[in-house]
Amino acid sequence: MKKIFILALAICSFTACRNANTSAASSTSDTSKNATVPSADAPVIVFERDIFDFGKIVQGESVQHEFKLKNTGKSPLIVSNATATCGCTVPQVPGEPILPGKEGVIKVIFNSEGKMGMQDKVITVTSNASEKVTTVHLVGEVLEKK
């Protein structure tokens with residue numbers, strides 16, 4: 001009786017594993033079919049510099065920087081959102097679409113109040129470009145107030 005129970009348990013386990021592998025393989029192929037290929041006419045976002053090093057500042061100071069970008073694609077670029085890793089960094093996106101061949105800026109203000117040491121603030125930019133999400137970095141060191 002014990003051998004029959006173990007045999008039945010083994011058969012159930014193998015059957016369950018086989019079904020799991022089959023469903024995993026089919027879901028993988030389904031996602032590749034749904035992947036979108038960027039259009040040749042899609043806007044392309046290119047940053048002049050994707051990392052800005054503000055150097056060393058004293059705690060409490062603010063840093064302002066404009067990340068310059070260019071639309072090298074064939075249709076208007078719309079920057080829909082820009083978010084930072086924390087509330088101390090505030091990005092501002094362009095209000096108008098950026099036409100092909102034209103330039104725009106994303107203004108960023110970093111407030112160092114309450115920060116110390118090396119900082120790497122990541123700004124995530126969302127747009128209608130062929131690469132939907134891109135990132136830029138604001139880096140530097142915040143020194144203690146004296």
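The values are calculated or read from the model by the stated rules, or taken from the named source; none is laboratory data. Bear in mind the structure is a predicted one, so any value in this text is a computation, not a measurement. FYI the Cβ positions are ideal-geometry reconstructions off the backbone, even for glycines, and counts take in every protein chain you see. Note: areas computed on protein heavy atoms with side chains; ligands, DNA, RNA excluded. Shrake-Rupley method; radii C 1.70, N 1.55, O 1.52, S 1.80 Å.
Residue check: is Gly87 open to solvent by 70 Å² or more (accessible area, probe 1.4 Å), of a type in the set (Gly, Ala, Ser), at pLDDT below 95 and closer than 12 Å to Ile123 by Cα? Answer is yes for this residue.
Each residue in the range 113-133 was checked for being open to solvent by 40 Å² or more (accessible area, probe 1.4 Å) and closer than 23 Å to Lys56 by Cα, and 6 of them qualify.
Taking the conditions (1) more than 19 Å from the chain's Cα centre (by Cα); (2) at pLDDT below 95 in turn, Ala35 satisfies each one other than (1). Pro43 passes every criterion in (1) in contact with a Gly (Cβ under 9 Å, 6 or more places away or on another chain); (2) closer than 30 Å to Glu144 by Cβ apart from (2).
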